[in-house]
1. Restricting to the stretch 139-169, count the residues that are crowded, with 19+ Cβ neighbours inside 10 Å and either among the small types (Gly, Ala, Ser) or assigned to a strand (DSSP E or B) (or both).
2. Of the residues Asp195, Asp173, which is touching a strand residue (DSSP E or B) at 6+ places or on another chain (Cβ under 8 Å) and open to solvent by 40 Å² or more (accessible area, probe 1.4 Å)?
3. Could you grab the pairs with beta carbons closer than 7 Å, sequence gap of 6+ or different chains, first residue in the stretch 54-68 and part of a helix (DSSP H, G or I), second one open to solvent by 60 Å² or more (accessible area, probe 1.4 Å) and among the aliphatic types (A, V, I, L, M)?
4. Could you check the stretch 72-84 and list, in sequence order, the residues that are open to solvent by 20 Å² or more (accessible area, probe 1.4 Å) and either in a loop (DSSP other than H, G, I, E, B) or touching a Gly at 6+ places or on another chain (Cβ under 7 Å) (or both)?
5. Please specify each residue of the stretch 99-138 satisfying the condition of being under 22 Å from Phe67 (Cα atoms), open to solvent by 50 Å² or more (accessible area, probe 1.4 Å) and among the hydroxyl-bearing types (Ser, Thr, Tyr).
6. Which ones in the stretch 183-192 are loosely packed, with under 10 Cβ neighbours inside 10 Å and among the basic types (Lys, Arg)?
7. Restricting the search to the stretch 99-119, which residues are at pLDDT below 95 and either of a type in the set (A, V, I, L, M) or in a helix (DSSP H, G or I) (or both)?
8. Consider Arg189 against the criteria (1) over 18 Å from the mean Cα position of the chain (by Cα); (2) of a type in the set (D, E, K, R); (3) in a helix (DSSP H, G or I): it satisfies all of them except one. Which criterion is unmet?
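The values are calculated or read from the model by the stated rules, or taken from the named source; none is laboratory data. This is a predicted model, so every value here is computed, not measured. No Cβ is skipped: glycine too gets one built from the backbone with ideal geometry, and neighbour counts run over all protein chains shown. SASA here: full protein model, heavy atoms, side chains in, ligands and nucleic acids out. Shrake-Rupley method; radii C 1.70, N 1.55, O 1.52, S 1.80 Å.
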Amino acid sequence: MNRRTLLASTAAVFALGTLPSFAQEAEEAPASRVIEMTMGAEDAPVTVLEYGSFTCPHCASFHADFFKQMNTDYIQTGKVRFIYRELVRNRVDIWAGMLARCGDPMRYFGVSDLLFDNQETWLSSGDPVTIADELQKIGLAAGYSADDLDACFTDAELAQEILATSEANAEADDITGTPTVFINGERQRLTNYADFAAAIDAALPAE
């Protein structure tokens, strides 16, 4: 991937530190390709919704300390349907979202795992060119070709759709930070996994 293509692909829709509004444009445009990303049974009795950011260290901690155990205990057992929504905090969040949404939607959570598990490595430099290189490495590790990644990272329309969807969702649910997590529509305090699991258990129907 030409690193400049990634750096330029979001320039028209995002300036670092500035979040221009595309909400009205998104309403008038064709249906967004930024579909809702979910895991678990559609008829699960409990829905857990996370607003997260791929560049947020607290989100990486939630992924390691809460999500993975919840996946084993509740998602894979049919008790929880999990929804992940990206909250864009900066242009790198858009790049990471473009990578996660590259190609088959079934790969989304696998790429998300790589992004969160290796966040310190790919994000630590703070240099946009180095970050672009590191994101390409993650994409290649996920099985995408260099041509696949070129197509994904130069898709300015997708970048705009990711930002527009983030803004619309954040406004609708009054999201100001990440991670923000809801259990059946109720905002949660993320103190420890035991309390979090207890809140899920309380939302489950009585047996």
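1. Of the residues in that region, 5 qualify.
2. Checking each option against the conditions leaves just Asp173.
3. Matching pairs, first to second residue: none at all.
4. Passing the criteria: Gln76, Thr77, Gly78, Lys79, Arg81.
5. The one that is under 22 Å from Phe67 (Cα atoms), open to solvent by 50 Å² or more (accessible area, probe 1.4 Å) and among the hydroxyl-bearing types (Ser, Thr, Tyr): Thr121.
6. Arg189
7. Passing the criteria: Pro105, Met106, Arg107.
8. (3)
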